[in-house]
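Each value in this text was obtained by applying a stated rule to the coordinates, not by laboratory testing. Just so it is clear, the structure is predicted and the values come from calculations on it, not from any experiment. We place every Cβ from the backbone using ideal geometry, glycine too, and count neighbours over all the protein chains shown.
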Amino acid sequence: MISELGLVKRQFGHRARLALSPAEVRVLDEQAHAARTLWNCLHSWWQMTPKSDTKLTAADAAIRQGRKDLDHLAVLPAQAAQAVLKTYLRAWGNCWEGRAEEPAYKGRFRSAMSVDIPQGRDLNIVRVHRRWGMVNIPKGGRVRFRWTKDLPVGKRANKENRITGARLVKDALGWHIAFRVQTLERAPKPHQGPEVGIDTGVNIPLALSNEDHQDHGRAPRLPDGTADRDKWLTEKEKAKLLKLERQAAHRKTFHKRGEKTSKRLQHTYDQIKQLRATATRRALDWQHQTTTDLARTYGVIVVEQLNILGMTKAPAPRPDPENEGKFLRNGGAAKAGTNRSIAHEAWGRTVTMLTYKTARNGGRLVKVPAPYTSQRCSACGFTTPGSRESQEKFVCKNPDCGFVSNADWNAARNILHLYRIGHIIVEVPAAGRRGRRAGKTVKPVAER
């Protein structure tokens, strides 16, 4: 929302690593387990009680009474307990509006451990020096966190520029704190940079129409053609991961169904999760750096409107005409490898990053129809299904053309051409800060 003074309110999150002692880790673990238990108790209570206008008030009273009667729930701060109720109600709201499934029970090992700090004034953030800051954790005391971004704290904080809250999140690499930041900034001027079409692929992650392709330098496939899901790890880390997976497979043979997982096997699983989390963090860092550079360089970025969920579905089995009741092997293993490669490149997350970063820099993100962009010749416009001979090579079948190029680059040129001739599905942000979808105005994608 842009004010009359040309200022725009911006809300974003910033995640920082916490430096905790073993005792502080134990305190946060207890709070996270209490929050998960409170969610499960609330879910059971919500399903058993009849629908009424006073159900929300009764739920709040039940939470207060539960924290008084049960010691393991009392370790959770009161504000964090109220945040569990708000999150639970929001989950039902998303379900009723068709954006998510019904809320379910949270398992001990399947759900992420987190604790909300809804009030920003409870944090009392202070910057110690260049690399570290201090934050107050309710019932946890003062802890250090890694200072990697200037935050509106101290004298810089006011009604419009402040931290509104935070959430403590634990992953395989330890505890982190995610700040919710609100700022009031001057609206960016329209970006005067050039236009570019981007084709997301597997061999080339981001192919640009001007041949300035963005590649992370990691092979998407192994020499045998299978997908390399560990491409973000070093060779030493890959060897360690393979050793740990073999150890886990061997130790799992001694585990009987229904028995509790041994500490040794669980420790092996934790080590595997740490390596996987390291790979994910490196991929996310590359995406952030690349999308930031693209948003600063180009004024208009054109991408395809892809149905990624439909693209990653397994192929349906075909019946074998010679053997009744049996099915042919129609490349299911190869399709599964392609699906993994698409999932590892995280195309949807790349477009989401480009959406809010282009708006922040005064640029525009445009989505165009995806059909036939990889089969159409960008030189003559001739479309033939067999023109893309492989994942990397495009050969135009028009006898009068014979254009040969990289398949991803050819698709990127077609994507940019669709924008220039007006085949636009979504434009964010457009004139009047609204988007266009097939000639109709729609709201732009909200910044996260």
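List of remarks:
- Measuring how big the range 52-146 is from its alpha-carbon positions, Rg and Dmax come out at 16.7, 54 Å.
- Of the DSSP H helices in the chain, those whose Cα atoms cover at least 24 Å axially and whose Kyte score averages -0.5 or more: 22-48, 78-96
- Here the simple spin-label model places points 7 Å from the Cα toward Cβ, and for residue 257 and residue 54 these points are separated by 4.9 nm.
- Cα pair count fraction exceeding 26 Å, expressed as % - the range 1-160: 42
- When the chymotrypsin sites (Phe, Trp or Tyr not before Pro) in the range 242-306 are filtered for DSSP coil states and for at most 15 other beta-carbon atoms within 10 Å of their beta-carbon, the remaining sites are 254.
- Calculated SAXS-style log₁₀ I(q)/I(0) at q = 0.14 Å⁻¹ - the range 359-399, Debye, Cα scatterers: -0.44
- Amide H contacts under 5 Å for residue 165: 120, 180, restricted to partners 5 or more places along the chain or on a different chain, H placed in the peptide plane at 1.01 Å from N.
- Long-range HN-HN contacts of residue 132 with modeled amide H, under 5 Å: 147
- Looking at the chain, the pairs of alpha carbons with a distance over 27 Å make up 67% of the total.
- For the peptides 15-22, 96-103, the ranking by packing is 15-22, 96-103, with the highest mean count of neighbouring Cβ atoms within 10 Å listed first.
- Report summary: the helix-based calculation at 222 nm, which adds -39500 (n - 2.57) for every DSSP H run with n ≥ 4 and divides by the residues of the chain, gives -12000 deg cm²/dmol.
- Unpartnered cysteines - no second Cys beta carbon under 4.7 Å - across the chain: 41, 95
- Cα coordinate range in the range 103-220, projected on the principal axes (Å, largest first): 54, 43, 34
- Amide H to amide H, with H built 1.01 Å from N, residue 7 comes under 5 Å of 187, counting only residues 5 or more places away or on other chains.
- Cα convex hull of the range 337-407 - mean projected area over all directions, nm²: 6.2
- Taking only the C-alpha atoms of the range 184-308, the Rg (one decimal) and the largest Cα-Cα distance, Dmax (whole number), read 20.9, 64 Å.
- Chymotrypsin sites (Phe, Trp or Tyr not before Pro) restricted to DSSP loop in the range 101-157 with at most 10 other C-beta within 10 Å: 109
- The range 127-194: radius of gyration over Cα atoms, expressed as a fraction of 2.2 N^0.38 Å: 1.42
- Its Kirkwood hydrodynamic radius, worked out from the mean inverse distance over all distinct Cα pairs, puts the range 9-102 at 15.2 Å.
- For the pair residue 183 and residue 40, label points projected 7 Å from Cα toward Cβ lie 4.1 nm apart.
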